[in-house]
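Structure first, commentary second.
Derivation of every value follows stated rules applied to the coordinates shown; laboratory data play no part. Just so we're clear, the structure is a prediction, and the values are computed from it rather than from any experiment. So basically every Cβ, Gly included, is an ideal-geometry build from the backbone, and we count neighbours across all protein chains shown.
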Amino acid sequence: MILVALDLDGTALNSSGRLTRNVAEAIRQRAESKNYTFAFCSGRPMSGVSPHAQAVGIADGYHVVANGALVQNAGGEKLVEELLDFSEYQELTAFCQEVGLTCIAVNEQGAWTSFPTINLGTLEFCFLTNNQLTVCPIEKNAQNEKYSKLLICDNPDIIKQNKSQIEQRFSQQYSCVQGYPTMLEFSKKNVSKGNSLAELARYYGLSANEVFVVGDNGNDLSSFELFSQSIAMGNATSELKRAARWHCPTNDEDGVVKALEIIDDFITGL
């Protein structure tokens, strides 16, 4: 058995955020075989992953979600759970209030913010993840609340302008990645897709040579660094393409279909 870890946005999904028929069928056919196990490996929470997992017949399996903060299945069973505390939500909220940005906290109950102004980043996050955003003063949140990740959301140009300052301020305390132009995402330190995928591989009893990863963005880099059998999409960042063993067409060209054919050919030749 091999494990194929697929990113969603920019990889399995096209630029419209849709799973095309060709990609869905390519995954579904292999998922029906005992030779393949699939996991979506996404920055999205489970609410944004489950519909696509159901569409291709892999909902019963485990998926790496929230950039590795959780490894869970649709039934809620968890292999990995690395959550942020309320005090960390307070810290990031205070920073955003100082500099005029917006902070969102995410957990299994939904998405939360104390900022009443809704911008493009917050809208995009809620749309992508099927989440309702609750606007609530931070002092009314329960202090024992836990969060899978925190986000700073805004228009792409504002995120770009502030990214360096934000990373300098918080990179020692948190894992900070950018999966979308409209948001920076924060998890507990040392949480990553790669580390959680390694835990999932151990659960299945697989070696690194039995894991294949496909992705397009910076939050996939940790997986590419841990698992050498990696495939970068044609629309991937330059950094990820340099780290990849193979390359495939873009997400708008059903690149995952070709990626799976590359994996087919590789394991057939062993």
| message | Give the lysines reachable from Lys188 as a straight Cα distance under 16 Å; neighbours fewer than 8 places away on the same chain don't count. | response | Lys146, Lys149
| field | Degrees between helix 255-268 axis and first principal axis of the chain (Cα, 0 to 90, nearest 10) | value | 50 degrees
| field | Degrees, to the nearest 10: 86-99 long Cα axis against longest axis of the chain | value | 70 degrees
| task | Indicate the gyration tensor shape class of region 84-188 (rounded, prolate or oblate), computed on the Cα atoms with a ≥ b ≥ c the square roots of the eigenvalues: a/c under 1.5 is rounded; otherwise a/b larger than b/c is prolate and the rest oblate. | result | rounded
| request: Can you figure out the FRET efficiency of Asn130 with Asn22, using R₀ = 30 Å and their beta-carbon distance, to the nearest 0.05? | output: 0.80
| query | To the nearest 10 degrees, how steeply does helix 156-170 sit against the main Cα axis of the chain, on a 0 to 90 scale? | reply | 80 degrees
| Quick one: length gained pulling Ala74 to Gln143 fully straight, 0.36 nm per residue minus the C-alpha distance? | 22.1 nm
| said: List the lysines whose Cα sits under 18 Å from the Cα of Lys258, skipping any in the same chain fewer than 8 residues away. | reply: Lys241
